[in-house]
Protein chains: 2
Amino acid sequence: MTDRNRTADGEAQRRTRRRRGAELVAAIHEAALDETAEHGLGRLTMEGIARRAGTAKTSLYRRWSSPEDIVIEALYRMYPMEEPSPGADDLRGDLIAALKLMRDGLMQPIYGAVMGAVLEEARRRPDLHKRLYSDVFDARGGRFTRTVLLHYAEHGRIDPARLTPVVFDIGEALMLKYGVDMFELPDDAYIDAIVDQAILPAIGHGHENPPSGRT
Amino acid sequence: MTDRNRTADGEAQRRTRRRRGAELVAAIHEAALDETAEHGLGRLTMEGIARRAGTAKTSLYRRWSSPEDIVIEALYRMYPMEEPSPGADDLRGDLIAALKLMRDGLMQPIYGAVMGAVLEEARRRPDLHKRLYSDVFDARGGRFTRTVLLHYAEHGRIDPARLTPVVFDIGEALMLKYGVDMFELPDDAYIDAIVDQAILPAIGHGHENPPSGRT
DNA sequence: CATGTTAGATACGGACACGTATCTAATTCT
DNA sequence: AGAATTAGATACGTGTCCGTATCTAACATG
């Protein structure tokens, strides 16, 4: 609980300088993500966010009507915008790069935890589910291996008939499951293994290397 | 909130017949799962479980010290025990059957929702994570495609070198991701597609059928 | 029937969060 | 400097939940 008494930048004292506008919103966004990562969405409170952001509840209620509103807006604003930049002659490398992008962006400790918490809550909340997918995922794009696969299909390197919703999902599904089962992010070797053992075979590019496996 | 005022079997009135022992525990277990599925683990309360089970809080506190304890025990008790029964000459059929078993057991609306909620909470709670895996998953076994794949490898139908942690995870990972992205369970066609488009290629059994796709 | 065991009902003090209202203080702009 | 805007502080009544304590009622057993 001690952490709850601290503001986003570690100050435990009352500030005389007041943050305004965008600066304040940024601090509140960050506090909302931190609070969610730490306590889950079910225990997310306006008081907790306010306390952590070092601001008054009134500042929150002036802009948002619920904690979830803050979180969705924060997820949107902080969505990693870097996208795969596939070339034309290194399918394997580009797939690996895409999954690393996913790991290093979406699956980071805070962002990933919040995303997981919201997805879980979204099971019970069609409204939240819809907002997450339309306002965050679809609005921000962010498809990883899918982008690479489509690109290489356009360049005639993959049979387009192999590109199905299942195949698009393989890499990301395996990354997510690893994150759930383990208590850490997939390492480079695991990402290599996903590409070599699952994605490449699925698109008809049998691999020549021995399986790397989980280390 | 009206539902919270009802007991597990729909009775809204005070009962004169008292449930004792195992019967009472079963009702409490069921109430705990229902409450979790409905409100999430973060908002799960002893009062809510008691109210839903139509019993007194004292009956809960006599046995358990926290709501999570009840849920873990309930997950253990209600874990679907049916396991894949692979034959020897229908790898595809057995893989499909295994995934259907997963869908119809673990992914059912209540059980699946609770499992998801606990997994999400387990991100923040190493103790809970450990208990879930050791007390529920490991204690109950329940590996789906893995069981089938190992079986067929023992019968010489699959090259054992192809069986890696990644390959074991493919089917279940895709099932889980579908469940998260969509608001429904994977249908038979999707399960067929997982087996044909992802699992079989991964173990070197290229399929002859056209991709089924998501319908 | 008497006794022992278990279930249920309820009170209690304390903690926490909600959402609103009100007022003061700080900052920006003219 | 004064006015307008925004941020911060705090009070408030209400509701929910916690965990404990206490007591009565129901049930099982000898």
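Rolling a 1.4 Å probe over the protein chains gives A:Ser85 an accessible area of about 100 Å².
Annotation for B:Lys100, label-to-label distances across the other copies: 4.3 nm (shortest first, one decimal, point 7 Å from Cα along Cα→Cβ). Using only Cα atoms and rounding to the nearest 10 degrees, what angle (0 to 90) does helix A:109-122 make with the longest principal axis of chain A? Approximately 90 degrees, to the nearest 10. For the residues B:Met182, B:Met115, B:Met81, a GNM of chain B with alpha-carbon springs under 10 Å puts the largest fluctuation on B:Met182. Closest approach of any chain A Cβ to the axis that rotates A onto B belongs to A:Gly42, 1, distance given in whole Å. The mean accessible area for residues of the stretch A:129-190, using a 1.4 Å probe and ignoring ligands and nucleic acids, is 43 Å² per residue. Electrostatic bookkeeping for A:Pro201 treats Lys and Arg as +1 and Asp and Glu as -1; over the other residues with beta carbon under 11 Å from its beta carbon, the sum is +1.
If R0 is 30 Å, the Cβ-Cβ spacing of B:Phe183 and A:Asp89 corresponds to a FRET efficiency of close to 0.15. Using a probe of 1.4 Å on the protein chains alone, the accessible area found for B:Thr55 is around 30 Å².
When nucleic acids and ligands are ignored and a 1.4 Å probe is applied, B:Glu184 ends up with an accessible area of around 110 Å².
Relative to the other identical copies, A:Pro80 shows label-point distances of 3.5 nm, where the label point lies 7 Å from Cα along the Cβ direction and values run shortest first. Axis of helix B:165-181 versus longest Cα principal axis of chain B: the two differ by about 50°, to the nearest ten degrees. Across the copies of the chain, B:Glu23 has label points (7 Å from Cα along Cα→Cβ) spaced 6.8 nm apart, shortest distance listed first. Model label sites at A:Tyr76 and A:Thr16, defined 7 Å from Cα along the beta-carbon direction, differ in position by 3.8 nm.
To the nearest ten degrees, helix B:145-154 and the longest principal axis of the Cα atoms of chain B are 40 degrees apart. For the peptide B:152-165, the mean number of other protein chain Cβ atoms found within 10 angstrom of a residue's Cβ is 2.
The values are calculated or read from the model by the stated rules, or taken from the named source; none is laboratory data. Being a predicted model, the structure only gives us computed values, none of them experimental. When we count neighbours, we look across all protein chains shown, and the Cβ atoms used for this are built from the backbone with ideal geometry, even at glycine. What goes into the accessible areas is simple: the full protein's heavy atoms, side chains included, and nothing from ligands, DNA or RNA. Shrake-Rupley method; radii C 1.70, N 1.55, O 1.52, S 1.80 Å.
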